[in-house]
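A.B. asks: Just dropping this structure here.
Read-outs throughout are calculated quantities, based only on the coordinates presented, and are distinct from any laboratory measurement. Quick caveat: nothing in here was measured; it's all calculated off a predicted structure.
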Ligand SMILES: [Zn+2]
């Protein structure tokens, strides 16, 4: 299951980072998911809630932001956001919105990124 391995990968990243920073608790995690990452954010969110049980991230809030697809056209000079509305979410054919060629480079929107992790540390000034 695609989403499960993705969620496990995200969670491992969070835990490794927390450990490397001597965290006592993870309070918030911001995740960016590209529209072309081919995953269901709701499923990721559900799986993370399961994975975090009995860990220092137990009370963490996982925020998943979907980020848009950005392209650079190889035919014209268009560079920017492409709307995927109305396209098949799981097999979209991306075209330049200006000249409609499919000869484009995808700059952004394919990846899943752990953007920010908020942690608690021991003996910090309150
Ligand atoms: Zn174009």
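A.B. asks: Calculated from DSSP H runs of 4 or more alone, at -39500 (n - 2.57) each and per residue, what is the 222 nm mean residue ellipticity of the chain, nearest 500?
C.D. replies: On the way: 2 runs with 30 residues, N = 126.
Dividing the helical sum by the residues of the chain leaves -8000 deg cm²/dmol.
A.B. asks: Okay, moving on. If you line up the long axis of helix 2-20 against the longest principal axis of the chain, both from Cα atoms, how many degrees apart are they, to the nearest 10?
C.D. replies: That works out to roughly 50 degrees.
A.B. asks: Moving on. By how many degrees, between 0 and 90 and to the nearest 10, does the Cα long axis of helix 41-51 differ from the longest principal axis of the chain?
C.D. replies: Here the helix axis deviates by roughly 20 degrees.
A.B. asks: Continuing with the same structure: Given an 8 Å cut-off on Cα distances and at least 6 residues of separation, report the relative contact order of the chain as a percent. Could the numbers behind the result be given before it?
C.D. replies: Details: 223 pairs, mean separation 45.4, N = 126.
Taking the mean separation of contacting Cα pairs over the length of the chain, I get 36 percent.
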